[in-house]
Every structure is written in C-alpha cells, then in structure tokens.
1. Where the centre of each part is set by its Cα atoms, how far does region A:138-159 sit from region A:13-88, in angstrom?
2. Can you work out D for region B:128-201 in µm² s⁻¹ from Stokes-Einstein, where Rh is the Kirkwood radius over C-alpha pairs, the temperature is 10 °C and the viscosity is 1.306 mPa s?
3. Roughly how tilted is helix A:197-214, in degrees to the nearest 10 and between 0 and 90, from the longest Cα axis of chain A?
4. Count, for each residue of A:77-84, the Cβ atoms from other chains sitting within 10 Å of its Cβ, then give me the mean as a whole number.
5. Compare A:57, A:237, A:115 in a GNM of chain A, Cα atoms joined below 10 Å, and give the one with the largest fluctuation.
6. If neighbour count is taken as other Cβ atoms inside 10 Å, put A:172, B:40, B:61 in order from fewest to most.
7. Per residue of A:114-123, how many C-beta atoms from partner chains lie within 10 Å of its own C-beta, taken as a mean?
8. Note the per residue figure in Å³ for the convex hull of the C-alpha positions in the protein assembly as shown.
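The numbers here are math on the coordinates, done by the rules we state, and not lab data. Given the structure is predicted, the values throughout are model-derived calculations rather than measurements. Cβ atoms come from the backbone with ideal geometry, glycine included; neighbour counts cover every protein chain shown.
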C-alpha cells in the first residue's frame, strides 16, 4: 500500500509568534505549562501519522481536541507552526502560494460541517465552483458537475438554491462539489455531524458505496466513535492536540491505548461492530453422521440441551437433530444418523454483523449455525450469549477485549 | 499658556497648495464644470414627462406599482410648482457626487476589509470626515474650486463617502468564515475570492451603504447652495434670506420628495439583492 499523506511532527500554536512556545515544547514542557508561561495555546502537539492511498482515515476526538485544526493543516487553511505535511512526496508546508493553490485545486477537496454552500448560487453553480476557478470551460465543467450530482442522487435539483434543500441534500451538494474536482484526497470535516441521525447513517452508507467505486483517499473528522468505526479503515484518536492511538477499529476497541480511549470504546453501539464470530460459541457438542440416535440423545442429556448439530467427518454441517427426532429414530431402530431427515437450519457467515440478523436470532427456535468459507461449522449462536455481548458495557479495557474476543 | 496655532497651519497649508497647484485646480474645475454643464443641458432637452416616466418605471421595477404612483405624483408636484429646472440641477449634483463617492469609496472599503492595518488607519479618518460639521468643508472647497458646481461636488463627496466605505468593509468582513474557507480550500485566487464569494455576499450591505451615501449627498448638495451650487438648495437659501416662508417651503418640499424617491428606490434595490442572496 502506498503512502498518500504523511504528517510529521505537526505542531500548531495559535499565535503569530509561536517561536517561544515552540522552543518550550522542544524542551518538553506540557501544553498547560506553556499556556501559563507564554499565554499561547498549543492546538496541535507533535502529531505524526500516515494515510495510505485509498484508505478512509478517521481522525476522532471531542470538540476542542484539535482534530479540525489537524485537517486544516493538511491543506493549509491553517498554517502549521512546525512540522511537515507530505502529500505524494511533496511537502505542502513549503509550497509557495501559487503552488499551494494548484495543489488545492487538483489534489485536495474539502467537505464542510455546515455544508458551506454559496447561497447566491444554484446547486449546479455551487458544484462547478472548483472547476470554474480553474478556468475550465462552462460546457465541460457543467458536464462534470452533472455527473457528480447524479452520483450523489441529486439529478433534477441542479437549478434549485441551497435554501430550498434539506440538510442531507445540502451535504450531498457539498460532496458533489468536492467530487467534481476529481481530487485524490477528500478532506471531510465532521461532514455528517450536523445531520439527523437517520440521514447521517444514510450518508455514511452512501459515502462507503461511493468510496467502493472511487477509491479516493479520505481523511474524515468526527467526534462520534460509532461513525469512525463504521466508515474508518483506520482511526486516529486525538485528545488535547495530541495523538493517542492510531489503529483499525478492532485495535481501538480491542486494545484501547489508555482509559480515555477505553471510555469511548465502552460507548460504542456494539451491534455495529460485533460480528457473529465475536458472539458465537464453540460448536460443542456435535454429533457425526456415523453416530446413531443413542449418541445424540446421550449428548443432549449430558449437556442439558434439546437439540444438537450434525456434521460429517470434515465438519460440514448436515443439519440438526432434536430430541424428538432422535427418539423416533431409536424406536424405528435406525443405526446411524445418515438415514434420518435432519432439521435443516439457516447458516450464516462469521463476518455478518450481529445487528443484521438480530431478528433471526430472536425468532429462531434453534441455535444458529456459523460456517466458514469451506462450509464447515465453526460456531453456534445462542440467544443468551448474544444478549450478554450486547449488554456488556465494559469494565476495564482488558475485559472489553476479552469479552468481545476480537482478534487484534 | 502656549496657544497651538492650528488654524494658522491649516490656512498656510491651503495657501501653499493654492500657490503650487492652483493651475491644476483650475483645470480640474473647468473640466468638471464642462461635464456637469453637458449633463444639465442634455437632461434639459428631455421632456419632463419622459423623465417622470423613467422614474416611475424604475420605481415599479424596484418595488412595485405603489412606489411608481407615488413617484409620479411627487415629481408632478415639483413640475407643477415650476421647480423642474432646479430639481434637475440638484438631481445631477447628487448623482455626480454619489457616483464619485462610490468610485472612490467602494475600492477603499474593499481594501479596508482585506487589510487590518489599512482598516485601522482609515477608521479615524472616516470618523473625522463624518463628524466634522459639514459647513467646514465648504471653505476649502470654495478656495480650491471657486464658487459653483465643482466646490459643491467636492464638499459633498467628502461628506457623503464614509458610509459606503464603512459598509463595504463591514459587508465583506461579515461574509461567513466557512464560505471564505470554501474559496480557499478550492484554491481560489484572491481576486476570485473577491468577485465570486465576498462581493456577491456583501452586496446587500454595500447597497445599504450606497443608499446612505446618496441620502447624505442630497443633504450636502442642498447645503452647498451656500457656495454657489445651483438647484433646490439655492431656492431654500433665497427663501431664508428674503424671509419668504412660502418659497422656502415649496423648494424644501421638493427636496423632501426627491429624498423620498431616491431612498425608496434604493431600498427596493437592496431588498431585491437580499432576496437574491438566499439564506442557506
């Protein structure tokens, strides 16, 4: 995977003369000490990370944590006080204004929290803005704008004004405006935070859909860990201007770097991250086709259950046998399970999200079977363990990881 | 106690200017006078009802038929009072003075919005221009440009320019930060930023400044009758000096009618520009 953006030792001090504070930072003073000594605020404190090409990289933090400042340092809407931002092996912080404008026009496009549509322009006129200032012909830019409006599902609205649109539609325009430039990198500043929860989810899904087709590099800012987990390939956790942890959603949830991250991880809506693999139980006991009804009944009795899964030698799932079926078979004198009409059960892949089959779990009389790619039975889902996993609200970080059994 | 000879300094300064640049001032006076005379003669050839019709049309476009009717009635009263010629003189002076104010004032306002330093330098100058009693401008105007139109325009421009500068500055500064960020993030040049984002969004505020400047122009043009400006103000002044209340009232009423028409017209334009910039 190629590195698209590399941020090295980024520091932002809010002052026109940051040297003194920079010096103190070098000496290892804390943000608070610098504030009391110089009166200057350290917005971003020595942050380094890389973003790979085609990756959705989420920067996650509370308001005031400096996440938006970091994003704005990437296109220098805010000038970094020190450090470098390297995009495609060019250090953005060293560019002259003219070169910077060129990079902004061609490589980086931004989507804003409050949509930031120009109220005196129609949807189409807003969408062409980026191409318009590059001096691209009206015909060409409108053609490309119409394409991106179609991509975000806004065909037919091109001559409306922003005040005629709902919040979700406005942000679709914001997204279309950014996409029209065909940038390599999309910078999204809390792009969905101002939307209603339902619309927000819809937009998240849409972004993921679009991303599958476009394969852009996306840097996405959010304060919502659920959102971060849903759309992020990797997540960077920011607190007080410092980077605390970078990792995949699993790593963040499974191995939070500190209590702060763990606290967030506990707030996560588990249905959205738990897969069947996470909540399934080991398939034990199982009976094999070569066994007879007596073995099955014995196992059920031993484990206090009323049905048991049947597999072949290669652990391919054959079906399920209930106690009633086994009793009938024994009375009929059947020797092994091969001759019995087993109950067929729905099978699910381990990667499926629990939330997607919650209704099935709730309705089903029997445990659900989880299989791998080779159709082998790898686990069973029983209602109780699902509820337990969903209800788990935490404990210490270690507990979280072990309870979820997420492979880090 | 030492008395600061401020008045003397100002007198000496003006004298120095006159001694060294007298010719320049004279040439300037002559050319501006020619332009205004040309305008006045040209407008004098247009039949009165055509001018009323033009105003009525503008009023109808800007605000609707009520204002059109009011404008027609008001202008007809002026015509009926036989004040049409002084009315035209005043109108021309107001339009010229306003135009000059806008041509100088709007760029100054833009500069002030874009440079905090210039904004800081300009603010006290504008305070000075606005609070100095307007009569004081008449004296240097008189000395530089003699009696007549040019002095009137000069004094009027100085007096009426501050609002459009201030409101242009304010309008641009009030453009929401996220919208100027859009401009920057997409790589706009600073002139693209100005023409495509800042000025369109500042238009309603700038229009309010233009309205104010026009109103101040009118009041100053009337006062500048004291330095020989022709028009309605001269009639008011004559009314005062002859103790002729009736005459003073007729001219004064005409000023009021002109003021109301200009104000309502430009208010209508402001409203239209607000409506064009829809709230997002």
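1. Centre-to-centre (Cα) distance: 37 Å.
2. The calculation lands on 107 µm²/s.
3. 80
4. 1
5. The residue with the greatest mean-square fluctuation here is A:115.
6. B:61, B:40, A:172
7. 6
8. It is 254 Å³ per residue.
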